Structures are given as structure tokens and as C-alpha cells.
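Below is one structure, written out as C-alpha cells; the observations come after it.
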Amino acid sequence: MIGRRLLDSRPLCGALGAAGLFCVLEGAGRTGLISPVVFPLASTVLGRAAELATDGDFLADIASTLGAWAVGLLLTVVIAVPAGFALGTLPRVERTFRPVLEFLRPIPSVALIPLALVLFSDRFDMKITLIVYAASWPVLINTMYGLKDVDPLAKDTLRSFGFGPLAVLWRVSLPSTAPFIATGMRLAAAIALIVAVSVELLAGGASGIGTFVIEAGGSADALEYIIAAAIWAGAVGVVSNTLLVLVERRIFRWHVIRTEAA
């Protein structure tokens, strides 16, 4: 019974999975199944990752990436949420822009880096622009999807009492759509981090996790530092996603209960 309860704990299960992967990689390296030249020992990589935690230059690189991530995500919400409401509530606007959106949406942001290199002389501006482009889609689509899930009876009830379109939007549509927007933001946060590091890797720059990886490529222990930096990028993603999930579950508890009960 106690074992089953422990396995129901998501953090504990996640820790067990990470420990299991570490043991497999360490065992494969120790037994020669994977040559340490091809992939360093897991314990060696973890040691490098711990070493980077006290490296001031690397911490500055993480702060630079997180700064671009935060600015890009904020601009994404400012742009994509109103656009989603406009497209979700005005059918003619949605029909007009739908072909353009369907054309742009499949284009990966990484494919736009060469064009962005020509258009932007400042690497930070380029990074923010590509983050906003890539991260806007989940927020935009989720906002539009959330508007379709609004209870029509609630809107009709408000209209019957003489409330106008803006009042209905503010009192009914926005609260009902907010959980979907939050989910879109959580998805966008992961995409924004991927794009930020990708732009630093492919376009360079003065600082950032991607820039650190490029510079580490010329060192004697390049592979160890590159994998250690990737571990830190993954850790940043896990922490940001966990925080957003906690905020989402706390603010929209009613929506979580309804979803889990369905």
C-alpha cells in the first residue's frame, strides 16, 4: 500500500526515472557498451554540470537566455491573446486571415534564421522576434479553441439582461477562456526556450546557453561541457514548466477539477 502511494507521487516517479536513466548510461559506459569517447560517463557529465553551477560566466549565460525567454514570452501573450480573441469572436476576420495563418504556422522558426540575420543587426532583437513568432501559435490557437468552449447559455443569459458584446466578452468569454490561454502559455514557454537556445547556437551572440555551447566546442573536454550545458537547459525547462503548472492548477482549480472529472 505504501509502495503504491509512493509510486502515485509524480515527483518521486520522475526522480526514479532520472535515476534509472543515469544508472543505465553509467553502466553502459563502465562496461564499454558505449565508448566514453563517443559519450562521456554519466557521472563525469554530472560533475561538469555541478561545476557549471559555480561558474559565474555560465550563470550569466543562463540569465541572458532567460531574459530573452521572458521578454519573448511576455510579448507573445500581449500579441497572441488579443489576436486570438479577434479571430475567435469575429468570423469574418477569422475567414480573412485563416489562409495566411495556415501558411505561416508550419514554417519552423529555425528556417527563418537566415532571413532574420539579414533583417536584424541586433542579435537580441532577432532572438525576441523569432521567439514571438514560434511561441505565438499555441497561445493563439488555444485562445480561439477556448472561445469555442464558452457556454452559449451563459452568453445568451447575459445578453437577455441587456449586456453588450464587450460586457459578455469580459464577464463570460474571458474567464472561460483563461484556462486554455494558460495552457497555451505553458506550451509556448517550452517553445520559447528551444528557440532562444537554437538562435544562440545558429546565429551566435554575446551571451546565452547556445553561445556557451559554441565556445565550449573548442575546449579539450568539449563533449562533457556541451552535454552539461544541455542538462542545464533541460533543467531550466523543467523548472519553468513546473512553476507554470502549479500556478495554472492554483488559479484555475475549478477547471482542473472539471477536466479530471470528465
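The values are calculated or read from the model by the stated rules, or taken from the named source; none is laboratory data. All values reported here derive from a predicted model rather than from experimental measurement. Every residue, glycine as well, gets a Cβ built from its backbone with ideal geometry; the counts of neighbours run over all protein chains shown. Ligands, DNA and RNA are stripped out before the accessible areas are found, and what is left, the full protein with its side chains, is counted by its heavy atoms. Shrake-Rupley method; radii C 1.70, N 1.55, O 1.52, S 1.80 Å.
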How big is the accessible area of Arg105 in square angstrom, nearest 10, if you roll a 1.4 angstrom probe over the protein chains?
-> 100
Of Ala189, Ala42, Ala228, which is the most mobile in a GNM of the chain whose springs link Cα atoms less than 10 angstrom apart?
-> Ala42
For the chain, calculated [θ]222 nm from helices alone, where every DSSP H run of n ≥ 4 adds -39500 (n - 2.57) = -26500 deg cm²/dmol
Which of Leu140, Leu87, Leu16 fluctuates most in a GNM of the chain (C-alpha springs under 10 Å)? That residue is Leu16
In the Gaussian network model of the chain, springs joining C-alpha atoms below 10 Å, which of Ala182, Ala68, Ala222 carries the largest mean-square fluctuation?
-> Ala222
SASA check, Tyr145, accessible area w/ 1.4 Å probe, all protein chains in place, rounded to nearest 10 Å², comes out at 140
So how strong a dipole does region 26-109 carry about its Cα centre when Lys and Arg Cβ are +1 and Asp and Glu Cβ are -1, to the nearest 20 debye?
-> 540
Exposure ranking of Phe85, Phe22 by accessible area [1.4 Å probe, largest first] | Phe22, Phe85
How much length is gained on full extension from Asp125 to Thr54, taking 0.36 nm per residue of separation minus their Cα-Cα distance?
-> 22.7 nm
Size of charge dipole - region 91-229 - debye, nearest 20, with Cβ of Lys, Arg +1 and Asp, Glu -1, no other charges | 800
May I ask you to derive the relative contact order of the chain, considering only C-alpha pairs under 8 Å and at least 6 residues apart, and to give it as an integer percent?
-> 24
Say R0 is 45 Å: what FRET efficiency, to the nearest 0.05, do Tyr145 and Cys23 get from their beta-carbon distance?
-> 0.65
Positive-pole candidate from Ser136, Ala235, Val213, dipole of region 124-262, charges at beta carbon = Ser136
Just one of (1) 194; (2) 143; (3) 180 is volume of the Cα convex hull per residue in Å³ as worked out from the coordinates here. Which one is it?
-> (3)
